[in-house]
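Before any comments, here is the structure.
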Amino acid sequence: MIRLPDASGALRTHRPGNGRTPPRTSGPAASRTVYAAAHVVADPLAAAASGAGGPAAVDWDATLAFRRHLWSLGLGVAEAMDTAQRGMGLDWPAAAELVRRSCAEARGEGGRIVCGVGTDQLGDDLPEEPTAALKAVREAYEEQLALVEEAGGQAVLMASRALAARARGPEDYLAVLEPLLAQAAEPVVLHWLGPMFDPALEGYWGSGDLDRATETFLSLIASRPQAVAGVKVSLLDAGREVALRRRLPTGVRCFTGDDFHYPELIEGDGTGASDALLGVFDPLAPTAAAALERLDAGDSRGFREILDPTVELARHLFGPPTRYYKTGVVFLAWLGGHQEHFTMLGGLQSARTLPHLARAYELADGLGLFPDPQAAEDRMRTLLALHGIRG
């Protein structure tokens, strides 16, 4: 038994050590295209520099090993899309190196990979004059797009804080992004990220009214549908995603980024289904892979029986403030033996409370996510002891 603190500070007992979810036994999922937005492993001996505004310190061996883990389960990797670290510890030089290394690794492993293309190299260094600012944003996108294409990755055009800061209306979004669709070497994925993940993206697509924003988003896709492989929607609104999915041109996929409603969205309805590009599939990779194997076999009920119980953990990890969800993800990677420490870029291991982490451990253990439950328990006890909780 282990004593865990709850939200009130009281201690409760938990009996650890549930069985492990059986891994996927075949190759990549056939019925859906699925990517996990993989976390970055910090170098604990140099991470203090990144927390003090220095360059990001990445443990490349552990980071790439985790990507091999995802590919071994048949999942794809969404690289440099870590919205909880990119711009919060993972700077553009490190993200660029991450793209290069991961794309090379993907070629060697035969793994699927998509890579985030943004404008974060600009920081706050934007011209005040609107036309010049939009030109700088477009050029920043172009620089990152060129790097991803040269590395061999498929581009995901991410939401841009710089564009949100300088756009005067829907027309400015279209003026920046339409030329990028025209020049992309292969079809891209367009990313719509809600402000719950990044408050700086409030009013994206030129309006705080989501219906009006949707029309702008769809008009961009309609301007060059052959250049859009899919859209990634991260609004945590299942009904809105389904409505958008039904309006997409033929051949444009909808990748759910909804970490609250993913089982129903991936299963689909009579009119269609979503593929997936999810941050929560980082810690849930073995369970997600097993569920997708059921879906491939035409067993929708079995798919939901495996995946539905994971939603409570997902909602916990992505609870407000949602932008700190990666703290729980990295914590579970440490407990699961995928890295030897609980240190994050930018010091974000401190972004969640001990009761939050304790609940994440309890839920993950209940799902059988830990390959070695005893090792996970031992690490949880170490963390508790550091906070003065023993026994």
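The values are calculated or read from the model by the stated rules, or taken from the named source; none is laboratory data. Note that the structure is a prediction, hence the values are computed from the model and not measured. FYI the Cβ positions are ideal-geometry reconstructions off the backbone, even for glycines, and counts take in every protein chain you see. SASA here: full protein model, heavy atoms, side chains in, ligands and nucleic acids out. Shrake-Rupley method; radii C 1.70, N 1.55, O 1.52, S 1.80 Å.
For this structure, a couple of remarks:
- Distance from the C-alpha centroid of the range 323-391 to that of the range 119-144: 38 Å, rounded to the whole angstrom.
- Figure note: LYS135, LYS326 ranked by solvent-accessible area, largest first, 1.4 Å probe, ligands and nucleic acids not counted: LYS135, LYS326.
- With viscosity 1.567 mPa s and temperature 4 °C, the Kirkwood radius over alpha carbon pairs of the range 278-391 converts through Stokes-Einstein to a diffusion coefficient of 88 µm²/s.
- Remark: the chain carries a charge dipole of roughly 880 debye about the Cα centre, counting +1 on each Lys and Arg Cβ and -1 on each Asp and Glu Cβ.
- In loop segments of the range 110-164 as defined by DSSP, the GluC sites (Glu not before Pro) with at most 12 further C-beta atoms inside 10 Å of their C-beta are GLU128.
- Unit charges on C-beta of K, R, D, E only; dipole of the range 202-244, Debye: 220 debye
- Note on SER26 and GLN121: their simple-model spin labels are 4.2 nm apart, each label 7 Å out from Cα toward Cβ.
- Loop-located GluC sites (Glu not before Pro) in the range 282-382 (DSSP state other than H, G, I, E, B) with a sparse environment of at most 13 neighbouring Cβ atoms within 10 Å: GLU340.
- On Cα atoms only, tilt of 354-366 relative to the major axis of the chain in degrees: 80 degrees
- Counting protein heavy atoms only, the range 98-225 has 47 percent of its accessible area on carbon and sulfur, 1.4 angstrom probe.
- Relative to the globular-protein estimate of 2.2 N^0.38 Å, the Cα radius of gyration of the chain stands at 0.96.
- In this view, the solvent-accessible surface of ASP125, computed with a 1.4 Å probe and all protein chains in place, comes to about 120 Å².
- Computed from Cα positions, the angle between helix 92-109 and the longest principal axis of the chain comes to roughly 70 degrees.
- Accessible surface of THR287, taken over heavy atoms with a 1.4 Å probe and every protein chain present, rounds to 10 Å².
- Considering only the chain, percent of DSSP beta bridges that pair antiparallel, nearest 5: 20 percent
- Helix axis angle, 325-335 relative to the chain longest principal axis, alpha carbon, degrees: 40 degrees
- Using a probe of 1.4 angstrom and keeping all protein chains present, the accessible surface of the chain works out to 39 square angstrom per residue.
- Nearest-10 value in Å² for the accessible area of SER223, using the 1.4 Å probe: 60 Å²
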